[in-house]
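So the structure is just underneath, and the comments pick up after that.
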Amino acid sequence: MSSFRNHRVIIASLFLPTTAVQGESGPPTPDPPLVTTTGNDSQINLPAVTLRLAASPLKPAIVNRTNTHSRQSSASGPLKSIVDDLTDKSRHPTPAIRSPNTEISNPFTKLTRFAPEAVLATSPTSTTSPTLPPISRKHQTTHSDHTPSPRIQRKKSRSTSRKPSSIRSSTNDLPRTSEAWHLEPNTHGNGGLKNAVDSLGDRLRKKVWVGTLGTATDGFSDSLRKNIDQRMWTQRSSLPVWIPDREFQNCYDEFCHQVLWPCLHYAVPDAPKTKLFYESASYKQYVSVNQRFADAIIENYQEGDIIWVNDYHLMLLPSLLRSSPKLPRTAPIGFFMHVAFPSSEIFRCLSVRQDLLLGLLGADLVGFQTANYARHFRQTVSRILAYEALPKGIQVPEVHSAQADLGSDVVRDGLGERGRFVDVGVFPMGIDVKQLQVRKKEADVAEWVQVLKQRYEGLKIVVGRDKLDEVQGVRHKILAFEAFLDKYPEWKGKVVLIQVALQTTESNELAGGVADVVSRINSRFSTLTYQPVVFLHTQDLTFSQYLALLTVGDAFIVTSLREGMALRTHEYVECQEGKYRPLILSEFTGSYSYSGFRSCIAINPWDTRGTAGAIHQALTMSDEEALSRWEDLHNHVTTQTAQAFVTTFLNRCVRAHTEHAQDDISSVPILDVSRLLPRYKHSLQTRLILVDFEGTLWRRDLSREGMMKLAKGEYELPEGAVDVLRKLTEDRKNEVWVLSGLPVRGVLEKVAELVPKVGIVAENGCFIKTRPSRGPGGSASGEWVNMVTNFNLTWKTACLEMLNYFTERTPGSFIEERQASVVWRFWTGETVECQDRQWARRQAAEAQNHIFDSLGERYGLRIIPGKNSFLVLPNNVSRSTAVGAILHPGGPARSPMSRRASWMGPDTVEESSVGGDRDFLLALSSDEKLLRRLNEFDGAETVSTSGKGTDAKWKLDSGETRGVLSLLAGAV
């Protein structure tokens, strides 16, 4: 299993992208052709567009007959979210279903200075001047003016930007007279995830969505459920999970939103105020919901499926799947957290902290939006579960490993003797840039851009779009806008804040405390023709209007107190192409943690005066500076796309599972030399032989005394190893390369002296000694080539300081400084579990995390852990890249005299192939990644000496390597 494209992907998310709605659906209508330009005979000005939009039944009228906004559905059908609006925006509904009198009103008529133009739309043939409506300073609240009906609330999914109305309403109390139903987009689903998956198109053809409908289901009959199951499976590739309403309510409304959500976003309540956070009894329902998901997935699992679990609602699901005897151990499981993950000091407050962490550790891969969130998770696991946490992931002991085989010793990348390893990675979400570029060219968007430009002529527009809960910091934003108007009074009457509000739960809206602040600001600064804050809800705004608003905005501001990834900022950046105005972004968003977004105007939302200054900076920024900042933002957005997110996550999940799977090594055949010899003997062209040096040809003394002698140059090379290398290299058909992690000086220099015709890879790919050149003027013994000449090696000083600190606190440990890498040997005693070794391993894990967090991203480093040591070296350098350079037609195997040959470029190393005049390749190594790569070449004979699960064609005890090479050397 090397790529997700060849396998079906099961995507588990709390809500399905499509839901079932009882009742008849409206007749479908064809899509009109997409118009990207306006004809010469069309007028794009406020009166003309107003009249055309008001008269056309195909577009929303721009008339708002009242200054209040109802959250209830209009007669034209259920309200759409601004994302869903795009899908149906260009469709031609029949007049019987949607007439001009029931169109969505224009949300931008709240500024009464434009009332005359707006009223023109109500009577386009009238020549009399309308009367101005009275000015209302009433703030547009998130509730309608009438009393809402009772409901069972399924509140909005926190990881989405969809419109959350009450999901389970009181329809269960009404008699059901018909079982007619139809499919609709689920406004409660994870829109970002669905868009990312859909963006892959044919590259992800085989997929199954698993989730709930997001509506009350207790009243559904068995026949209706079966009908829904069948149609959802055949038409939407979806598998509904049926959960009793009460159970779901306790799980979702109480545990997910009142326990997990505050914890993950650093909003832990004070104990005297509420005991729900600390003593919630709804955890039982949370477990039950996760178990129902597990049962549904297991029942429908097929061999080869990849399981992708999403978000904090299903944190127990990976472990439930992994521990099930009905699910094969070969099933790859990945988990992605769409929201933030807090530090261990916050997460430890949860009473069920261990259960949740163990639930996640059932996956092969746990993904996060940013490196900070991934680091928090690793540290939380280390401190709460006392597991070994490394930059690459978590080592899970066998006692907690659902896959562990009792009595078997298993090494996972050298990290431990028992158990399994869980990868922890960073996978930032993005948007589908190409699709957004198509959408923003629609005719409706261009028309609304002109309407907005004329309506807000002479005003600067600051745009915001957030949910109204406390974490999104909308109150902080509006207070900062008020401070801006106070500090810079010259801007009064010249700037307007248009805040688009994504609905959330009523209790969170009240906690957000926005209504009173907006009312105060508008009462202080409004005039007859000016209102500083315009508040809109998502149902007040179509997607075309939203894109137009992003296009004409002079600044976009996000003041989140904590957030996973602010994808709305990505949309703003792309819509600003041609205008290039700045972005104001909270430092506490996941987007800001990426270097590409450092070109925004960063703010601390808790600093009201600082945010006010940022608004002033954005509005007064020169066009040249704004363009320079936009280019950096644009480059990041077009790189961090939705397609890249899905592809990298699924590929990493497959790779992690392949690396960690505890395959029965008995299924891999032992190397049969009798089958190898004929190919070797009858080879007509060049034979390429790659062999590890340490652990195969030469077994080092890894005790402290032995390593000290090696450092002093007191070592002995085994004559047998030298002899067999010499015999192999004497055959002119053979190209023999020794792969080593040792430095150039010392042992490898001695090998090069004794066997001058052998090629050597040193320091795990940092240096290559070429083979002797056969051409005129060539080197008789080859030369050393530095593969890291373009890397900044100043990191070694800081790294050594950190390791010296840990060496003082770890008895028996010592540091090996090499030319381009550093090794820390934290244990030199016998490899048996004892308290001293456990302490050394904990110190090693802490040291690796310190080095990776402080130096890894800045200098581009990676860490290779071993059983008793770990190696720090530059990124993109490995034995695999060295072999790629060797295989390249212009590499050191062919052109050893060219120091700046094409094979040294990072873009060409991966384009190697055996090809040329080589017709035999033999690799004996414990490097599983290298062996996997070589398997892609036709005719390659790969032999693993690692003693663990492998993708190699053969396995061999490392002690027998010399004997096999001796047979080959004497075969010709």
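The values are calculated or read from the model by the stated rules, or taken from the named source; none is laboratory data. Source: prediction; values computed, not measured. Cβ sites come from the backbone with ideal geometry, for glycine too, and all protein chains shown count toward neighbours. With ligands, DNA and RNA removed, areas are computed over all heavy atoms of the protein, side chains included. Shrake-Rupley method; radii C 1.70, N 1.55, O 1.52, S 1.80 Å.
What order, most packed first, do the peptides 431-440, 249-258 have when packing is the mean number of other Cβ atoms within 10 Å of each residue?
Result, highest mean first: 249-258, 431-440.
Using the heavy atoms of the protein chains alone and a 1.4 angstrom probe, what is the accessible area of the stretch 649-754 per residue in square angstrom?
Values: 5140 Å² over 106 residues.
Averaged over the residues of the stretch 649-754, the accessible area is 48 Å².
Under a plain spin-label model, where a point goes 7 Å from the Cα along Cα-to-Cβ, how far apart in nm are T620 and R246?
Between T620 and R246, the simple spin-label model gives 6.3 nm.
Relative to the present Cα-Cα distance, how much length would full extension add between C349 and Q435 at 0.36 nm per residue of separation?
Details: separation 86, 0.36 × 86 = 30.96 nm, distance 4.25 nm.
Stretched out fully, the C349 to Q435 stretch lengthens by 26.7 nm.
Which of K727/K757; K467/K487; K727/K953 have a Cα-Cα distance over 20 Å?
From K727/K757; K467/K487; K727/K953, over 20 Å: K467/K487; K727/K953.
Using alpha carbon coordinates only, what is the Rg to Rh ratio of the stretch 476-614, with Rh defined as the Kirkwood radius?
Working: Rg = 15.0 Å, Rh = 15.9 Å.
Looking at the stretch 476-614, the ratio lands at 0.94.
Quick one: with all protein chains in place, what share of the accessible area of the stretch 794-873 is carbon or sulfur, to the nearest percent (1.4 Å probe)? It would help to have the intermediate numbers written out before the result.
Working: 1830 of 3770 Å².
Ligands and nucleic acids excluded, carbon and sulfur reach 48 percent.
How high is the relative contact order of the stretch 433-639, in percent, counting Cα pairs under 8 Å that sit 6 or more residues apart? If you can, show how the numbers build up before the last one.
Values: 350 pairs, mean separation 51.0, N = 207.
Once divided by the residue count of the stretch 433-639, the mean separation gives 25 percent.
In Å², what does the accessible area per residue of the stretch 423-542 work out to with a 1.4 Å probe? Walk me through the numbers before you get to the answer.
Details: 3830 Å² over 120 residues.
Averaged over the residues of the stretch 423-542, the accessible area is 32 Å².
Using only alpha-carbon positions, what ratio does the radius of gyration of the stretch 794-873 give when scaled by 2.2 N^0.38 Å?
Values: Rg = 12.0 Å, N = 80, 2.2 N^0.38 = 11.6 Å.
Normalised Rg, Cα atoms only: 1.03.
What is the calculated FRET efficiency for L754 to S966, with r their C-beta to C-beta distance and R₀ = 22 Å, to the nearest 0.05? Can you show the working numbers first?
Numbers: r = 17 Å, r/R0 = 0.76.
Using R0 = 22 Å, I get an efficiency of 0.85.
For K453, K796, what's the largest-to-smallest order of accessible area, 1.4 Å probe? List each step's numbers first, then the result.
On the way: K453 115, K796 25 Å².
My answer, sorted largest first, is K453, K796.
Using packing as a proxy for protection, rank 370-380, 321-331, 937-947, 472-482 so that the peptide with the highest average count of other Cβ atoms within 10 Å comes first. Walk me through the numbers before you get to the answer.
Values: 370-380: 21.2, 321-331: 16.2, 937-947: 19.0, 472-482: 25.2.
So the order, starting with the most tightly packed, is 472-482, 370-380, 937-947, 321-331.
Could you sort 840-849, 808-817 so that the peptide with the highest average Cβ count within 10 Å comes first and the rest follow in order?
On the way: 840-849: 21.3, 808-817: 15.5.
Order by mean packing, descending: 840-849, 808-817.
What net charge is computed for the residues neighbouring W308, neighbours being all others with C-beta under 13 Å from the C-beta of W308, Lys and Arg scored +1, Asp and Glu -1? Numbers along the way, then the final one.
Numbers: positive: R8, K194, K206, K207, R652; negative: D305, D311, D364.
For residues surrounding W308, the net value is +2.
Over the heavy atoms of E625, what accessible area does a 1.4 Å probe trace out, to the nearest 10 Å²?
E625 exposes around 80 Å² with every protein chain in place.
Full extension from D516 to D938: what is 0.36 nm times the residue separation minus their Cα-Cα distance, to one decimal in nm? Kindly include the intermediate steps, with their values, before the conclusion.
Working: separation 422, 0.36 × 422 = 151.92 nm, distance 7.13 nm.
Full extension of this stretch gives 144.8 nm more.
Using amide H atoms built in the peptide plane, which far-off residues or other-chain residues are under 5 Å from E694 H to H?
G741
Once phi is turned into ³J(HN,Hα) by the Karplus curve 6.51 cos²θ - 1.76 cosθ + 1.60 with θ = phi - 60°, what whole-Hz value does each residue of the stretch 686-698 show in order, with x for glycine and proline?
7, 9, 10, 10, 10, 9, 5, 8, 6, x, 10, 6, 9
With every protein chain left in place and a probe of 1.4 Å, what is the accessible surface of R700, to the nearest 10 Å²?
Around 60 Å² of this residue is reachable by solvent.
For the stretch 695-799, what is the Kirkwood hydrodynamic radius in Å, using each pair of distinct C-alpha atoms? Spell out each step's value before the answer.
On the way: mean 1/r = 0.0658 Å⁻¹.
Averaging 1/r across every pair of different Cα atoms and inverting gives 15.2 Å.
Quote to one decimal, in nm, the extra length available between Q819 and D672 on full extension: 0.36 nm per residue of separation minus the C-alpha distance between them. Intermediate results must be reported in sequence, preceding the final value.
Numbers: separation 147, 0.36 × 147 = 52.92 nm, distance 3.93 nm.
In short, 49.0 nm is gained.
Over the residues of the stretch 604-670, compute the C-alpha Rg and express it relative to 2.2 N^0.38 Å. Working shown, then result.
Values: Rg = 23.8 Å, N = 67, 2.2 N^0.38 = 10.9 Å.
Rg over 2.2 N^0.38 Å, computed on Cα atoms: 2.19.
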